[in-house]
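Presented below is the structure to which this report refers.
The values are calculated or read from the model by the stated rules, or taken from the named source; none is laboratory data. Please read these numbers as outputs of a predicted model, since none were measured by experiment. Here the Cβ positions follow ideal geometry from the backbone for every residue, glycine too, while neighbour counts run over all protein chains shown.
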Amino acid sequence: MKLNIGENLRKLRREKDLTQEQLAELLGVTFQSVSRWETGATYPDIELLPVMAELFGVSMERLLGVEKEKLRQAPQECYDQLNALVDDEEILLLLKKLHREYPLDETLLWKLCYHSKDLDEQRRLTEKLLEISTTEYYRESAIGLLINAEEEGRLPSFLDKYTASFNLSRELRLEERYHYRKEWDKFEEQKQQNLHTGIFHLLLPRLVKNYPKELNVDYSLQASKTRLALVDLLSGTEGYGNPISGDKIPDLWFGERIQSGLRLSCQLAEAGQKEQALLALEDLTDLYEGFWRLPDGSRLTYRCSALDRFEGVLSSSMLCGPEAGPRFNVAHSARIIRSAENSPSFYQVYWSHYDILPLDPKDGWIWFEKIRTEPRYQRCLERMKSFIKEQDEH
């Protein structure tokens, strides 16, 4: 998209009866910079745009010379360019370029927050994203990124401004509100949402010992077994004798079973339990194929009474546009959309064939090395790869 900022800047400067030198002094830049902006040789830095708009008393859209909606959404070809890159530095440079052209595209802004290596820049980008974004995921992710990067001394004020204590979280407060008001349908809805969050974001990740003990195969193996045992318990599939798949029927636990199953298999291999590792991998492969062969329209649940409001319809899709990040442009995924009765909310999960990358000889996990040359291992990998090709042909 071509920006008319140079022409607009010259016009606005003259309306204010300012010379290039005077404008440069007000903005804290050199007059040569102003000259290059006005000729279109370069663009101003993104953080200067709000300052300039306020100085001239105009909207950001008028300053940039484009319609607001065009600033908010980069065209598909911009995302295609990003998806074609794998080098982090090249991605960062392209993101900065695209962000200058589409400063209100919150997806690009979030990606720039993610890839930025400069803490001052990350602070500015995060504040900007929190100002313009209406997408909860982007806002929460940007806050999380900056919390991880921020200096210790500046962290408390940032936490006070953008976070709340666990007990004051919106979700827990709503659950308590609905219970107090005896709005039982809303209460059950919120309670299950909170339970779902608790399982996937609070409980399951914390079953793994923290570094450096997580590198110990015994701790890791116990954690994977515990996670899978918990899934079996919640779904009522314990006792079937399958180490990963439960009763081999795909459901909404598929993602957790695949991720924990891959870990279990490689940990068993590293622990010297070769036969158990291969059996686990074969069970995982059966589950993998069973899930991806489900027809569109298949209804999936957690098979758990405490999560019975989560019901989805399976459909295949290609991730593209804003949903497709770098290195993720060709992955078939399953989209599960929550369709609880009388609820306007929805729940989406993306599962990709990229989940099997840990098995690949080139990019795979090192703990698979002890069984990677086994014929049974190779057969599992080929089954999965051939299935991906089969999907691509369709």
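Please indicate, with yes or no, whether at least one residue in segment 357-374 is closer than 21 Å to residue 264 by Cβ, modelled with pLDDT under 90 and acidic (Asp, Glu).
Taking every residue of segment 357-374 in turn, at least one turns out to be closer than 21 Å to residue 264 by Cβ, modelled with pLDDT under 90 and acidic (Asp, Glu).
Quick check on segment 49-70: of everything there that is assigned to a loop (DSSP other than H, G, I, E, B) and closer than 25 Å to residue 28 by Cα, which residue is modelled with the lowest pLDDT? First the steps, then the outcome.
First, the residues of segment 49-70 that are assigned to a loop (DSSP other than H, G, I, E, B): 57-59, 65-67.
Keeping just the survivors that are closer than 25 Å to residue 28 by Cα gives 57-59, 65.
Details: 57: 81, 58: 78, 59: 74, 65: 66.
Per the criteria, the residue is 65.
Within segment 14-22, is there a residue that is surrounded by 15 or more Cβ atoms within 10 Å (Cβ to Cβ), farther than 30 Å from residue 117 by Cα and either at pLDDT 85 or above or in the same structural domain as residue 110 (by TED's automatic domain parsing) (or both)? I'd like the intermediate steps shown before the answer.
Pass one, segment 14-22, residues surrounded by 15 or more Cβ atoms within 10 Å (Cβ to Cβ): 18, 20.
From the residues that got through so far, the ones that are farther than 30 Å from residue 117 by Cα too are 18, 20.
Applying the additional criterion that residues be either at pLDDT 85 or above or in the same structural domain as residue 110 (by TED's automatic domain parsing) (or both) yields 18, 20.
Yes, segment 14-22 has at least one match.
Test each condition in (1) under 17 Å from residue 49 (Cβ atoms); (2) modelled with pLDDT of 90 or more; (3) basic (Lys, Arg) for residue 111 and report the one that comes out false.
(1)
Which of the following residues is assigned by TED's automatic domain parsing to the domain that holds residue 378 and within 23 Å of residue 386 (Cβ to Cβ): 238, 275, 289, 270? Break it down stepwise before answering.
Numbers: 238 fails: within 23 Å of residue 386 (Cβ to Cβ); 275 fails: within 23 Å of residue 386 (Cβ to Cβ); 270 fails: within 23 Å of residue 386 (Cβ to Cβ).
Within the list 238, 275, 289, 270, the selection yields 289.
With the requirement that a residue be modelled with pLDDT of 90 or more and among the hydroxyl-bearing types (Ser, Thr, Tyr), what does segment 115-161 give you?
116, 126, 141, 157, listed by residue number.
Determine if segment 71-90 includes at least one residue that is aliphatic (A, V, I, L, M), within 30 Å of residue 13 (Cα to Cα) and part of a helix (DSSP H, G or I). Even if it seems obvious, please write down each step before you answer.
Quick first cut of segment 71-90, residues aliphatic (A, V, I, L, M) only: 71, 74, 82, 84-86.
Now narrow it down to the ones that are within 30 Å of residue 13 (Cα to Cα): 71, 74.
Filter once more, so that each one left must be part of a helix (DSSP H, G or I): 71.
There is at least one residue in segment 71-90 that is aliphatic (A, V, I, L, M), within 30 Å of residue 13 (Cα to Cα) and part of a helix (DSSP H, G or I).
Of all residues in segment 94-118, count the ones that are free of Cβ contacts under 8 Å to residues at least 12 places away in the same chain and assigned to a helix (DSSP H, G or I). Don't jump to the end; show me each part of the working.
Taking segment 94-118 as the starting set, the residues that turn out to be free of Cβ contacts under 8 Å to residues at least 12 places away in the same chain are 97, 118.
Filter once more, keeping what is assigned to a helix (DSSP H, G or I): 97.
So the count comes out to 1.
When only residues in segment 213-251 that are of a type in the set (Ser, Thr, Tyr) and either surrounded by 15 or more Cβ atoms within 10 Å (Cβ to Cβ) or farther than 18 Å from residue 284 by Cα (or both) count, which is nearest to the chain's Cα centre (by Cα)? I'd like the intermediate steps shown before the answer.
Narrowing segment 213-251 to residues of a type in the set (Ser, Thr, Tyr): 219-220, 224, 226, 235, 237, 240, 245.
In the following step, the residues that additionally are either surrounded by 15 or more Cβ atoms within 10 Å (Cβ to Cβ) or farther than 18 Å from residue 284 by Cα (or both) were identified as 219-220, 224, 235, 237, 245.
Values: 219: 28, 220: 25, 224: 23, 235: 26, 237: 30, 245: 26 Å.
Once the filter is applied, the top-ranked residue is 224.
Go through (1) surrounded by fewer than 15 Cβ atoms within 10 Å (Cβ to Cβ); (2) over 21 Å from the mean Cα position of the chain (by Cα); (3) within 30 Å of residue 301 (Cβ to Cβ) and name the single condition residue 159 misses.
Condition not satisfied by residue 159: (3).
Would you pick out the residues in segment 3-48 that are within 17 Å of residue 96 (Cβ to Cβ) and part of a loop (DSSP other than H, G, I, E, B)?
Across segment 3-48, the qualifying residues are 3, 41, 42, 43, 44, 45, 46, 47.
Please enumerate the residues belonging to segment 283-310 that are in contact with a Lys or Arg (Cβ under 7 Å, 6 or more places away or on another chain) and closer than 18 Å to residue 355 by Cβ.
Pass one, segment 283-310, residues in contact with a Lys or Arg (Cβ under 7 Å, 6 or more places away or on another chain): 285-287, 289-290, 310.
285, 286, 287, 289, 290 - these are the residues of segment 283-310 that are in contact with a Lys or Arg (Cβ under 7 Å, 6 or more places away or on another chain) and closer than 18 Å to residue 355 by Cβ.
If you take the residues of segment 224-245 that are hydrophobic (A, V, I, L, M, F, W, C) and in contact (Cβ under 8 Å) with a residue 24 or more places away in the chain, which of them is nearest to residue 288 (Cα to Cα)? Let's see the steps before the verdict.
Narrowing segment 224-245 to residues hydrophobic (A, V, I, L, M, F, W, C): 228-231, 233-234, 244.
From what is left, the residues that are in contact (Cβ under 8 Å) with a residue 24 or more places away in the chain are 228, 230-231, 234, 244.
Numbers: 228: 15, 230: 20, 231: 16, 234: 20, 244: 11 Å.
In this case the residue turns out to be 244.
Only one of (1) exposed (fewer than 13 other Cβ atoms within 10 Å of the Cβ); (2) in contact (Cβ under 8 Å) with a residue 24 or more places away in the chain is not met by residue 203, so which one is it?
(1)
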